[in-house]
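Only one structure is covered here, and it is reproduced in the block below.
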Amino acid sequence: MMLLSASPATAQTIYVHAGKLVDVEKGQVLPDRRIRIENDRIVAVEPWSPAPEGAIVIDWSGMTVLPGLIDMHTHLADWGQTNNVAEPLLHSTQEMAYVGAKNAYATLKAGFTTVHDVGCFRAFADVALRNAINEGIVPGPRMNVVGAYITIPGGGGEVTGLAPDVSVPDDMRVGVYHDTNEAKLKTRYLFQHGVDTIKMIATGAVLAEGTEPGELEMTEEDIRAVTQQAAIHKSYATAHAHGAEGIKTAIRAGVHSIEHASLIDDEGIALAKAKGVTLVMDIYNGDFIEAVGTKEGWPEGYLRKNRETTDAQRVGFRKAVKAGAIIAYGTDAGVYPHGENAKQFPYMVRYGMTPMQAIQSATVVAATTLGWQTDVGAASAGHFADLVAVAGDPLKDISVLSSVAAVMKGGKLVP
């Protein structure tokens, strides 16, 4: 998908005075910078000097400025997680449009100007939300969307835990397949209906009844058929994979990235590094599920599986950081409230990253994983003017990223 630019007829020059600018490409902080923006893109970054008389100047001289942040694992066009396994059935497609718009705005206000939105139960609700944002109908981040989950019947991408005589609506089963050829055809169908990338459910899930995170649900042949079809569409496929064998199977079958990677082993880390596969590990999420899920009475199976994967995932994350594997920032926002995406940053530092590495994971690394690195992920000439300003120094206290003072997307301040 092409990222949209504003029309030249609306072009104007804006100057941003950044007290400090985090240069994620070079991994350094630049003091007192002038960012010149024309239309919706940055055209120059240079030491501060007064802007031309009468120019529009945004004074962030007391702030630290970063590129707009990127969350590589969100679910904007879905109802949030609850204790009711039938929750997805309680909300119409019309209602989800409004919910998605609300979630998109909360995410943007939190400083996340781009997301990889990796699935919704109502098929193509994310495509419609992306299009509405791109057309200026509702405010929200730039979205890379998957449309629906490629999953086996009763697998981790299905609405499960219902009585056997309850029928799930067809639009919640668009990505369900029965054999390898159908997996390929479903992938083609998703691209025909406007998705950017593909999300497979390669193993069981934590938050789905009747599935186990360690169990492989898709065969290597199935996964390879999907990844090859995605390549035909000049795109890629990512795989939800918790179990160690599922992770390695998905990597061997050609996936571009792995979601969760909760039970990854040393061999899996080495394989991911060797193949250049990005790991997207939501290491904050487990604490939220334990606290809120226990309080609200989420199904006991959910809580058990969360406890079995949370600490293991953090051990694997620390090892992956030490090994130099590619790790992009992804939170599973939607399980916890949208707009709280930055809560994962301190966890990434606690489990082995430097603050700069954590910031890079949510900017230049994430952008490169998406293939959007020429447009987003850095505050340098040629990139969209997607910027975030925070009080304080995130290189000293990364938790300040949870309190964003101002956000700009495409050269326009987010109200």
Subset of the stretch 350-362 [open to solvent by 10 Å² or more (accessible area, probe 1.4 Å) and part of a loop (DSSP other than H, G, I, E, B)]
TYR351, GLY352, MET353, THR354
Is at least one residue of the stretch 341-349 of a type in the set (Phe, Trp, Tyr), out of contact with any Phe, Trp or Tyr (no Cβ under 7 Å at 6 or more places or on another chain) and open to solvent by less than 10 Å² (accessible area, probe 1.4 Å)?
yes
Anything in the stretch 33-52 that is touching a Lys or Arg at 6+ places or on another chain (Cβ under 8 Å) and open to solvent by 60 Å² or more (accessible area, probe 1.4 Å)? List them, or say none.
PRO47, TRP48
Quick one: TYR189 ticks every box in (1) open to solvent by less than 40 Å² (accessible area, probe 1.4 Å); (2) closer than 25 Å to LYS234 by Cβ bar one, so which box is it?
(1)
If you go through the stretch 25-41 one residue at a time, do you hit one that is at pLDDT below 95 and closer than 23 Å to GLY410 by Cβ?
yes
Quick one: in the stretch 312-340, of everything that is of a type in the set (D, E, K, R) and on the phi < 0 side of the Ramachandran plot, which residue is surrounded by the fewest Cβ atoms within 10 Å (Cβ to Cβ)?
LYS322
For the structure I just gave you, tell me whether ILE223 is among the hydrophobic types (A, V, I, L, M, F, W, C), open to solvent by less than 50 Å² (accessible area, probe 1.4 Å), assigned to a helix (DSSP H, G or I) and within 23 Å of THR74 (Cα to Cα).
yes
Before we move on, is SER235 within 22 Å of the chain's Cα centre (by Cα), touching a residue at least 40 places away in the same chain (Cβ under 8 Å), over 20 Å from ILE152 (Cα atoms) and open to solvent by 10 Å² or more (accessible area, probe 1.4 Å)?
yes
Taking the stretch 100-117 and the residues there that are in contact with a strand residue (DSSP E or B) (Cβ under 7 Å, 6 or more places away or on another chain) and part of a helix (DSSP H, G or I), the one that is farthest from MET143 (Cα to Cα) would be LYS109
Name the pairs: first residue in the stretch 278-303 and more than 17 Å from ALA208 (Cβ to Cβ), second residue of a type in the set (Asp, Glu), Cβ to Cβ under 8 Å, at least 6 apart or on different chains?
VAL280/GLU259
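To keep it simple, each residue is scored yes or no on (1) open to solvent by 20 Å² or more (accessible area, probe 1.4 Å); (2) closer than 18 Å to ALA237 by Cα; (3) among the aromatic types (Phe, Trp, Tyr); (4) part of a strand (DSSP E or B).
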site: TYR98; (1), (2), (3), (4): yes, no, yes, no
site: GLY119; (1), (2), (3), (4): no, yes, no, no
site: LEU129; (1), (2), (3), (4): no, no, no, no
site: MET143; (1), (2), (3), (4): no, yes, no, yes
Taking VAL166, is it surrounded by fewer than 16 Cβ atoms within 10 Å (Cβ to Cβ) and in a loop (DSSP other than H, G, I, E, B)?
yes
Exactly one condition in (1) surrounded by fewer than 23 Cβ atoms within 10 Å (Cβ to Cβ); (2) more than 26 Å from the chain's Cα centre (by Cα); (3) not charged (D, E, K, R) is false for ALA106; which is it?
(2)
Quick check on this structure: which one of THR309, THR368, THR294, THR374 is within 14 Å of the chain's Cα centre (by Cα), at pLDDT 95 or above, of a type in the set (S, T, N, Q) and surrounded by fewer than 24 Cβ atoms within 10 Å (Cβ to Cβ)?
THR368
Among the residues of the stretch 56-74, are any among the aromatic types (Phe, Trp, Tyr), closer than 21 Å to ASP375 by Cβ and surrounded by 23 or more Cβ atoms within 10 Å (Cβ to Cβ)?
no
Restricting to the stretch 106-139, what's the tally of residues that are on the phi > 0 side of the Ramachandran plot and either in contact with a helix residue (DSSP H, G or I) (Cβ under 9 Å, 6 or more places away or on another chain) or of a type in the set (Val, Ile, Thr) (or both)?
3
Any idea how many residues of the stretch 254-266 are over 21 Å from VAL195 (Cα atoms) and surrounded by fewer than 24 Cβ atoms within 10 Å (Cβ to Cβ)?
3
Out of everything in the stretch 151-183 that is of a type in the set (S, T, N, Q) and touching a residue at least 40 places away in the same chain (Cβ under 8 Å), what residue ends up being nearest to GLU259 (Cα to Cα)?
THR151
Subset of the stretch 12-32 that is assigned to a strand (DSSP E or B) and of a type in the set (Asp, Glu) - its residue that is surrounded by the fewest Cβ atoms within 10 Å (Cβ to Cβ):
ASP32
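The values are calculated or read from the model by the stated rules, or taken from the named source; none is laboratory data. In this text the structure is predicted, and so the values were computed from the model without any measurement. Neighbour counts run over all protein chains shown; Cβ positions are idealised from the backbone, glycine included. To get the accessible areas, we keep the full protein, side chains included, count just its heavy atoms, and leave off ligands, DNA and RNA. Shrake-Rupley method; radii C 1.70, N 1.55, O 1.52, S 1.80 Å.
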